[in-house]
Amino acid sequence: MTSPILSRRAALAAASAAGAAALLPAMARAATFTTPDPVTTIVDSHIHLFDPNRPQGVPYAGPEKSPTHRTGSFPAAYAQHARPLGIIGALVVEASPLVEDNQWVLDQATGNPIILGMIGNLRPEHADFPALLARFHGNPLFRGIRYGNLWDYDLAARSREPAFLDALKRLAEADLVLETANQNLALLEGALRVSDAVPNLRIVIDHLPAFDPAATDQRAYQAALRNFAARPQIACKLSEIIHPVAGAIHTDLAAYSERLGMLRRTFGEDRVIFGSDYPQSDSVAALPQVVGLAKAAFAGSSTEAREKFFSENSRKFYKWLPRSKARSK
């Protein structure tokens with residue numbers, strides 16, 4: 001998710017500009033991307049919705065090279081791209097720090113059953129957090145909150161504050177998820193502190209395939225991964241698989257297989273989750289390429305492992321329900 005105040009994404013966009021310029025004109029051809037291992041049921045656990053044409057504007061409008069930057073990202077349009085790829089449902093991840101944009105997403109989901117839930121944006125450090133959590137949790141599509149390195153939030157620092165951690169205990173008591181945003185070493189270590197303080201809180205670490213720790217951070221990074229491996233309540237979202245490597249973008253599995261293999265071994269087949277990062281993914285590849293590469297990564301895996309990665313693990317961690325059941329709650 002791109003934001004003017006999100007420096008990491010700005011750097012990614014700059015690094016990927018050359019590759020994206022070559023890839024995006026080929027989006028029509030990307031629809032022919034195939035693998036020998038088709039997956040028929042996919043839940044995309046990471047998409048963004050927004051309307052850049054609303055009068056007040058939006059904090060995030062997708063990458064400039066994406067058509068959504070001008071037209072917006074809406075459930076029906078996403079479904080047209082997603083359903084031919086085997087995607088039967090999606091989870092929306094917040095694209096705004098504005099409280100009422102949580103409601104905007106929930107309203108967009110009405111009448112669009114491809115949306116299985118949303119990860120919203122609330123601030124546990126604010127006094128109104130309990131009331132807002134109760135309000136939005138009243139809708140069964142609200143599945144948790146995202147907090148990390150975006151919108152000038154700082155989970156690494158907040159994870160040392162008792163009041164913040166007490167607020168996250170409310171999140172756990174509501175059986176909702178904390179998702180961390182845009183990884184660096186401090187954020188990974190902050191997530192572990194949160195887990196120590198609130199051990200029954202489910203945590204999803206997003207975009208970890210794109211985190212490339214500095215050589216000086218490797219020892220601490222490996223220590224964090226060992227800690228994650230021992231915590232069944234923490235999952236890894238394998239989103240942003242396609243990302244700049246040494247300043248270049250690749251759409252072949254070889255460029256990413258070593259890191260993907262390491263993360264799969266760390267978290268195990270029960271704690272890795274698929275997410276496309278649509279439409280931010282348009283900055284590096286078309287949606288069929290993102291899905292195709294993920295399928296290729298699991299081509300040699302068992303049917304059970306593929307089903308867990310592409311749908312079951314997201315259901316287990318986010319506890320989304322089929323829309324007919326969600327409406328009945």
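Every number here is computed from the coordinates shown, using simple stated rules; none is lab data. Keep in mind it's a predicted model, so treat the numbers as computed, not measured. Heads up, the Cβs are rebuilt from the backbone with ideal geometry, glycines too, and the neighbour counts pull from every protein chain shown.
Once you place label points 7 Å from the Cα toward the Cβ at VAL245 and ASP166, how far apart are they in nm?
Placing both labels 7 Å beyond Cα along the Cβ direction yields 4.7 nm.
I'd like the projected area of segment 177-242, averaged over all directions, using the convex hull of its alpha carbons. Report it in nm² with one decimal.
Details: hull surface 16.7 nm².
Its average projected convex-hull area is 4.2 nm².
May I ask you to list the GluC sites (Glu not before Pro) in segment 92-136 that are in a DSSP loop and have at most 15 other Cβ atoms within 10 Å of their Cβ? Spell out each step's value before the answer.
Working: sites: GLU94, GLU100, GLU125; in loops: GLU94, GLU125.
Passing both the DSSP loop test and the Cβ count: GLU125.
Over the chain, what is the percentage of antiparallel beta bridges among all DSSP beta bridges, to the nearest 5?
Details: 2 of 29 bridges.
Around 5 percent antiparallel, to the nearest 5.
Just the number: Rg to Rh for segment 78-211, Cα atoms, Kirkwood Rh, two decimals.
Numbers: Rg = 15.0 Å, Rh = 15.4 Å.
Radius of gyration over Kirkwood radius for segment 78-211 works out to 0.98.
Please identify every one of the trypsin sites (Lys or Arg not before Pro) in segment 115-162 that sits in a loop by DSSP and has no more than 13 other beta carbons within 10 Å of its own beta carbon. Write down the numbers at each step before the final one.
On the way: sites: ARG135, ARG143, ARG146, ARG158, ARG160; in loops: ARG160.
Passing both the DSSP loop test and the Cβ count: ARG160.
Rounded, prolate or oblate: which fits the chain, taking a ≥ b ≥ c as square roots of the Cα gyration tensor eigenvalues, rounded meaning a/c under 1.5, else prolate when a/b beats b/c?
Rounded shape, in that the Cα axes give a/c under 1.5.
What does the helix-only formula give at 222 nm for the chain: each DSSP H stretch with n ≥ 4 adding -39500 (n - 2.57), the total divided by the residues, and the result rounded to the nearest 500 deg cm²/dmol?
Working: 15 runs with 132 residues, N = 329.
My calculation for the chain gives -11000 deg cm²/dmol from helical runs alone.
Give me the percent of DSSP beta bridges within segment 137-263 that run antiparallel, rounded to the nearest 5.
Values: 1 of 13 bridges.
The answer is about 10 percent antiparallel.
Report, for segment 33-177, the % of DSSP beta bridges that are antiparallel, rounded to 5. Mind showing how you got there, number by number?
Numbers: 1 of 13 bridges.
Roughly 10 percent of the beta bridges in segment 33-177 run antiparallel, per DSSP.
Which residues' amide hydrogens lie under 5 Å from the amide hydrogen of GLU179, considering only partners 5 or more residues apart or on another chain, with H built in the peptide plane?
Sorted by chain and number, the residues that satisfy this are ILE145, ARG146, TYR147, VAL204.
Among the lysines in the chain, how many pairs, 8 or more places apart or on different chains, have alpha carbons under 29 Å apart?
Total qualifying Lys-Lys pairs in the chain comes to 25.
Express in nm, to one decimal, how much length is gained between THR216 and ASN53 on full extension, taking 0.36 nm for each residue of separation and deducting their alpha carbon distance. Write down the numbers at each step before the final one.
Working: separation 163, 0.36 × 163 = 58.68 nm, distance 4.41 nm.
Net length gain for the segment: 54.3 nm.
Restricting everything to alpha-carbon atoms, can you work out Rg to Rh for segment 34-124 with a Kirkwood hydrodynamic radius?
Working: Rg = 13.9 Å, Rh = 13.9 Å.
Rg divided by Rh gives 1.00.
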